[in-house]
1. Using label points projected 7 Å from each Cα along Cα→Cβ, tell me how many nm separate N42 and R332, to one decimal.
2. Can you pull the Kirkwood radius for the stretch 1-106, inverse mean 1/r over Cα pairs, to one decimal in Å?
3. Counting only DSSP beta bridges with both residues in the chain, tell me the antiparallel percent, nearest 5.
4. Using only the Cα atoms, what convex hull volume per residue in Å³ does the stretch 34-280 have?
5. Of the peptides 358-369, 173-184, how do they stack up when ordered by the mean number of other Cβ atoms within 10 Å, highest first?
6. Any idea what the alpha-carbon Rg over 2.2 N^0.38 Å comes to for the chain?
7. Rounded to the nearest 0.05, what FRET efficiency do T244 and M414 have when you use their Cβ-Cβ distance and R0 = 45 Å?
8. Relative to the present Cα-Cα distance, how much length would full extension add between L261 and V398 at 0.36 nm per residue of separation?
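Where a number appears in this text, it was derived from the coordinates with a stated rule and is not lab data. Given the structure is predicted, the values throughout are model-derived calculations rather than measurements. Every residue, glycine as well, gets a Cβ built from its backbone with ideal geometry; the counts of neighbours run over all protein chains shown.
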Amino acid sequence: MHYFDYKATKLYGEGVSIERIAKEVGTPVFIYSHKTLVRHYNAFDSAFKDASHIICYSVKANSNLSVLKTFSNLGSGFDIVSGGELKRVIKAGGDPTKVVFSGVGKSEEEIAFAIKKRILLFNVESPQELRLLNKVAVRLKTRARVALRVNPDVDPKTHPYISTGLKQNKFGIETEEAVGEYLYAQKRLKSLDMIGIDCHIGSQITTLKPFVDTLKKIKALTTRLRTLGVDISYVNMGGGLGITYDNEKAPHPSKYGEAVLKATRGLDVTLIFEPGRNLVGNAGILVTKVLYTKKGADKNFIITDAAMNDLPRPSLYDSYHAIKPVTKTRRREITADVVGPICESGDFLARDRELKEVRPGELLSVMSAGAYCFTMSSNYNTRTRAAEVMVKGRNLFVIREREKHEELFKKESMPEKLFKK
């Protein structure tokens, strides 16, 4: 559920007119609903109220400081994949001791920074990383807590680019190799505490079966490791629970919670979850202005001021985002491609979409744009990145100003010696 609804013919975010935001802030603009963020976090958290658990919001989904602050104030921990994300979490008031550090390519500098900040766990993805982590911990005369990311070889039935738990994926360590690494670390890597198992099988998963299948394997592995003397006290299930973009029937967090608690009954661990899209995806929209309409030989085009640099998911994954008029009309329906100004045929927000006829200057809302949209945006074609706004009740807050072109060239130079003949 989200709080972007029509009042009569006008689209609102909570108690604020989207038309007003576009007028005051300009377009394209991302708009997030504070009430939706809070609702989604509480729904996920309450699904596990009967179990020891930690919610670690996945920063990569949407890393705006105000989004992070909203979750931090609710008691959330954070899942990070870079040192920069850890700095964002700290800046937003997040607790480093409730941070888990994921990702296959952590640098030595990032590892050292995270150890110094006393993060909860490193989700380690390879034997070489495990040894480097120990080396850094020895150098810093401290200890690091570790969960090995185990690859369970479970097909999440999602887009191949966001599937992460199969043998052919780059993530994690296969089960038998992982057992050997736990035992090796226990005996030889004396500055590591091997206390967790981490597993993340993919994103935008809309059925419970892949999670249940994964947990069966993780439960068996936990029991096996304990018999070998490895004291596992954390099981990290990652994220991946999907949302509704179109006609998907994604499970409610309460149903997910029931399935997970049943599958882990008697395991006596603290469960860690890393929801990202599930918390923020439907909490945000992208508002764009129609620049032109054009009738081609074979199809209609609606050309907007938002482009693939603002909303990369359709171009990258052929992803669906619902598109709604900010003001409802009774005009005829047409089938059109909604495209941006970038000089790429892949620059589209929607293809062959049935929409009400629109005119230049009117506004469209691209729905479900809260996750993996702004964080993946770029300055391609020297386009400035969009502003970000959060609405709360009847108030709007600019939480990121629109970039200026001059800021894009600021770090570039034209040394005179370079151009001397």
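1. 4.8 nm
2. Numbers: mean 1/r = 0.0646 Å⁻¹.
By the Kirkwood definition, the hydrodynamic radius is 15.5 Å.
3. Antiparallel bridges: around 50 percent, rounded to the nearest 5.
4. Working: hull volume 27.4 nm³, N = 247.
Taking the convex hull of the Cα positions in the stretch 34-280, it is 111 Å³ per residue.
5. Numbers: 358-369: 19.8, 173-184: 16.4.
By packing density, highest mean first, the sequence is 358-369, 173-184.
6. Working: Rg = 23.2 Å, N = 421, 2.2 N^0.38 = 21.9 Å.
Here the answer is 1.06, to two decimals.
7. On the way: r = 50 Å, r/R0 = 1.10.
E between T244 and M414, to the nearest 0.05, is 0.35.
8. Values: separation 137, 0.36 × 137 = 49.32 nm, distance 3.97 nm.
Taking 0.36 nm per residue and subtracting the Cα distance, the gain is 45.3 nm.
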